[in-house]
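No value in this document is a laboratory result; all are computed from the given coordinates. Remember, predicted model here, so these are calculated numbers, not experimental data. Positions of Cβ are backbone-derived with ideal geometry, glycine not excepted, and every protein chain shown enters the neighbour counts.
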Amino acid sequence: MMNPLTSPLLTDLYQLTMLQGYIDHDMHGTSVFEFFVRIMPDNRNFLIAAGLETVLTFLEECRFSPEDLEFLSNTGRFSANLLDYLEQFRFSGDIHAMPEGTVFFPNEPIIRITAPLPEAQLIESRIINLLHYQSLIATKAARCTIAAAGRAGLIDFGLRRTHGAEAGLFAARSSYIAGFAGTSTVIAEPLYGIPIFGTMAHSFIEAQANEEEAFINFGISNPNNVTLLIDTYDTVRGAEKVVTAAAFLREKGITVRGVRLDSGNIADLSKRVRTILDDGGLRDVGIFVSGNMDEYTIRDLYEQAAPITGFGVGTRMDTSADVPYFDSAYKLTEYAGKPRLKKSEGKATLPGRKQVYRRFDHNTMAGDIMTIEGDSHEGRPLVRHYMERGERLAPALDLTDIREFTMQQIDGLPPYLRKLEKTSPYPVELSKALLDMKEEIEETLE
């Protein structure tokens with residue numbers, strides 16, 4: 001049976017129809033494609049590149065199974081020469097990319113594919129699919145991390161409302177590299193080593209004789225993970241019952257670690273709950289909140305001096321509700337040794353293999369210059385070599401290493417880019433060499 005997450009048939013039909021044309025006309029020359037975001041969304045000041053490791057794994061493992069080939073044959077759409085090509089398909093190209101977790105800006109290539117034209121074309125849809133969503137969520141998560149400013153632990157709570165199973169897993173991964181402490185998605189721990197966290201649902205409270213009994217029963221059954229949901233009936237009374245339940249559990253050697261609020265006026269209730277817990281001798285018990293949290297609600301709650309020590313950030317982050325997509329593209333920039341470009345109105349592209357150099361001022365990002373490969377400039381080159389002739393040049397990075405790098409990138413943002421509202425754009429300059437190449441090619445298209 002076909003696996004929809006690994007089959008190369010998870011693509012757009014036009015990739016295969018173009019392949020038929022390339023194969024028929026012997027168009028196997030070396031091509032270069034780059035993936036980039038065209039414009040900065042209204043509510044963003046920076047973007048975070050994510051998904052590179054999943055792309056490299058996909059390219060290493062990309063194969064057409066007998067079932068895939070049988071389906072294509074049975075459609076009657078494709079000739080035997082294309083099916084023969086696909087049966088032998090193995091990605092044999094080079095990958096240059098920005099390291100996962102890099103801050104980037106519009107038109108800067110976060111990945112470059114150099115491969116025979118049919119290969120580079122075939123993988124387009126899945127490459128965009130993998131990079132777009134993970135970069136979208138990593139960017140949203142980074143903004144939440146900035147809003148929390150180290151005052152609270154952030155947990156991804158959004159699996160149940162993501163747009164599919166893979167999206168839920170990738171949201172856990174992307175938010176973790178951008179500074180979240182962990183996720184509620186259990187499979188993220190065995191797959192990626194991401195710490196998992198969980199509390200309880202209202203149903204656990206409702207199913208039992210009374211709220212205090214539910215708290216005690218949960219604590220006894222989960223002695224190392226006692227965070228109690230206190231707003232099923234009345235939040236203030238729930239907090240008072242936690243004080244009583246905590247005393248009972250303490251006698252059994254069980255410590256209540258936190259309480260969770262999921263509704264109501266969170267700022268006001270968190271203050272009232274904090275007072276009740278402190279007066280009851282539970283000063284070490286944290287207050288964890290959930291329910292439509294994102295960077296804006298986190299900021300607003302702290303502006304109201306809410307004594308919150310943890311946030312469960314779910315739907316609004318895992319769907320990137322305020323910016324649900326990037327205007328991203330994967331475009332041909334070179335074929336058969338010649339730079340290529342598009343002149344389409346509103347969707348024009350830049351030619352050639354590109355590099356981005358970033359300048360810093362005391363470890364703070366100061367400006368980028370985008371140029372053609374081989375044209376050196378002041379600053380740190382961002383695009384690195386990851387795969388050659390279909391083989392990785394180094395083992396896959398541990399997710400904690402990617403996370404550490406991403407946090408360094410976030411720390412390097414200038415203060416004006418850390419604002420949640422739109423601000424002045426970060427300076428990205430196009431080099432003279434790149435502009436000259438663009439002008440030269442455009443003249444040949446007149």
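Residue-normalised convex hull volume from the C-alpha trace of the chain: 169 Å³ per residue.
Taking Cα centre as origin and charging only the Cβ of basic (Lys, Arg, +1) and acidic (Asp, Glu, -1) residues, the dipole magnitude of the range 147-318 rounds to 280 debye.
Compared with the rule-of-thumb size 2.2 N^0.38 Å for a compact globular protein, the range 147-318 has a Cα radius of gyration ratio of 1.02. I'd like the orientation of helix 52-61 relative to the chain: the angle between its Cα long axis and the longest Cα principal axis, in ° from 0 to 90, rounded to 10. With rounding to tens, the tilt is 60 degrees. Taken over the range 359-417, the convex hull of the Cα atoms encloses 119 Å³ per residue.
The 3J(HN,Hα) values that the Karplus relation (6.51, -1.76, 1.60; θ = phi - 60°) gives for the range 9-21 are, in residue order, 6, 6, 7, 8, 4, 5, 4, 6, 5, 5, 4, 4, x Hz. Gly and Pro appear as x. Taken along the Cα-to-beta-carbon direction at a fixed 7 Å, the label points for VAL428 and PHE71 span 3.5 nm. Taking H as built 1.01 Å from N, whose amide H comes closer than 5 Å to the amide H of ILE48, not counting residues under 5 places away? Those qualifying (amide H under 5 Å, at least 5 residues apart or on another chain) are PHE104, THR139. Around the amide H of GLU388, modelled in the peptide plane, lie the amide H atoms of ILE95, LEU393, all under 5 Å away and 5 or more residues distant in sequence or on another chain.
Just checking the listed ones, LEU169, LEU154, LEU69: in the Gaussian network model of the chain with Cα springs under 10 Å, the one fluctuating most is LEU69. Across all Cα atoms of the range 1-64, the radius of gyration (one decimal) and Dmax (whole number) stand at 16.1, 46 Å. Pairwise Cα distances in the range 76-158 exceed 19 Å for 57 percent of all pairs. With the convex hull drawn over the C-alpha atoms of the range 266-369, the volume per residue is 196 Å³.
Remark on GLY286: its backbone amide H falls under 5 Å from those of GLY258, VAL259, a criterion applied only to residues 5 or more positions apart or on other chains, H modelled at 1.01 Å from N.
Using a cutoff of 8 angstrom between alpha carbon atoms and counting only pairs six or more residues apart, the relative contact order for the chain works out to 22 percent.
Along the charge dipole of the range 1-130, Cβ charges K/R +1 and D/E -1, which of GLY29, PRO66, ASN81 sits furthest on the positive end? Projecting each Cα onto the dipole axis, the largest value belongs to GLY29.
Over the range 195-271, the pair-distance histogram of Cα-Cα distances with 10 Å bins from zero comes to 19, 55, 24, 1 percent, rounded to whole numbers. Selection among ASN107, ILE123, ALA267 by position relative to the dipole of the chain gives ALA267 as farthest towards the positive end (Cβ unit charges, Cα centre). Extending 7 Å from Cα along the Cβ direction at LEU13 and again at PHE405 yields two label points whose distance is 3.9 nm. Which of GLY390, GLY179, GLY312 ends up with the largest GNM mean-square fluctuation for the chain, with Cα atoms connected below 10 Å? Looking only at GLY390, GLY179, GLY312, the biggest GNM fluctuation is shown by GLY390. With a Cα cut-off of under 24 Å and a minimum spacing of 8 residues unless on different chains, the lysine pairs in the chain number 25.
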